[in-house]
Amino acid sequence: MSDMEGMMPELTLNADAAKVETPTLTLGAEPEAPAAEPEKPEVKPVVIDDSMLTEAEKKVVDDFSKKIDLSDSQMILQYGVAAQKGVASFSESALNNVRTKDLGQVGDTLSSLVIELKNFGRDEEEEKGFFGFFKKAGNKMEAMKTQYAKAEVNVDKICRELEQHQRVLMKDIAMFDKMYELNLKYYKELTMYIIAGKKRLAEVQSTQLEELRQKAERTGAQEDAQAYNDLAQMCNRFEKKLHDLELTRMVSIQMGPQTRMLQNNDTLMVEKIQSSLVNTIPLWKSQMVLSLGLENSRRATAAQTAVTNATNELLKKNADMLKMGTIATAKEAERSIIDIETLQHTNQQLISTLDEVIQIQREGAQKRKEAEVELGRIEGELRQKLMELRS
């Protein structure tokens, strides 16, 4: 169980593995018609067998299956429980993480930053425009400095909050990596438990159980029939136990993509915070410093021509910066945190998985019904045999 080599993810630098289509160039007047999309391949159900194990894991499973005693009821009750508890604990940890986290606070902080930046000089812009601000009396320069200083204090406070959010999210991202690896370990353990159990169950059913059945038919003794019935019931209980382990394994499989989804949400939020800290804030401060510098230049210019040139230059630079900032903000505002295709794919996979689980449950229920009928028949044979002995 300590060999984790088979659990390591496979990385590739092969361009073909990324399935990137190479553009096609043509000199013809009309582009070539795109090829028809191939039909989706039929989904093949996963069979839990030793083909998904490494050689070392196969040896562990073989050795462990020999230790399984189906006549021990306590062993059947405790079989694989440790791994099941591990998955349950993992699910609870993931739930608590989501329950205690409020990404809305991060969004509110980012919104506060945007509002603070937009409100700077808003009154002057609405009444007379940004250019007209520089034509006011000399005391307006001091008013602009005061407004800038006040806004800078608020922005710095917001930045500290964003940095704190960023540190928390970075810790959560690392924690999700550990949770994913732990869930992968539980998934591997459950798989090995199931394979070992099925192997032992098949072996007992084909040897010990069959021998007891033949002996009971041959001797007709009550104790022989009872021994056969006891072992058959233990096999049935063990089969149900393996079914429970398969359900727990499916929960572990679903937790994998769900964990990555939560981690991806945190990562996207960290990227947005980082973009605000290294791009938005410095750009805003640079623009304000530029505005203050241009105001000093305007006041130092005596000639009307010099004033006009300075203000025109300011308008051009601010227009360029406004364009850059507006485009960047629009792109960021229109960008989704998660692609809808990703959510659709994940939802389809989960629904498909649940359908397979339901099918497995139905098949298990059908088999148990058949076993119940068979047990009734066996009981009738036993009763008839007993009546024959009395006669």
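The values are calculated or read from the model by the stated rules, or taken from the named source; none is laboratory data. Owing to the predicted nature of the structure, the values given are computational and were not obtained by experimental measurement. Heads up, the Cβs are rebuilt from the backbone with ideal geometry, glycines too, and the neighbour counts pull from every protein chain shown. Only protein heavy atoms, including side chains, enter the accessible area calculation; ligands, DNA and RNA are left aside. Shrake-Rupley method; radii C 1.70, N 1.55, O 1.52, S 1.80 Å.
Looking at the stretch 166-296, the accessible area is 48 square angstrom per residue; that uses a 1.4 Å probe and ignores ligands, DNA and RNA. With the dipole of the stretch 197-290 worked out from charges on the C-beta (+1 for Lys and Arg, -1 for Asp and Glu) around the Cα centre, which of Ile281, Leu262, Ser252 lies farthest toward the positive end? Ranked along the dipole, the leading option is Ile281.
Here the calculated FRET efficiency for Thr146 and Ala371, from their Cβ-Cβ distance with R0 = 51 Å, stands at 0.05, rounded to the nearest 0.05.
Residues Thr146, Thr311, ordered by accessible area of protein heavy atoms at a 1.4 angstrom probe radius and largest first, appear as Thr146, Thr311. Close amide H contacts of Ala221 (hydrogens built in the peptide plane, cut-off under 5 Å, sequence separation of 5 or more or a different chain): none are found. With all protein chains in place and ligands, DNA and RNA left out, the 1.4 Å accessible area ranks Arg218, Arg368 as Arg218, Arg368, largest first. Ordered from largest to smallest accessible area (heavy atoms of protein chains, 1.4 Å probe), the residues Ser51, Ser286, Ser276 come out as Ser51, Ser286, Ser276.
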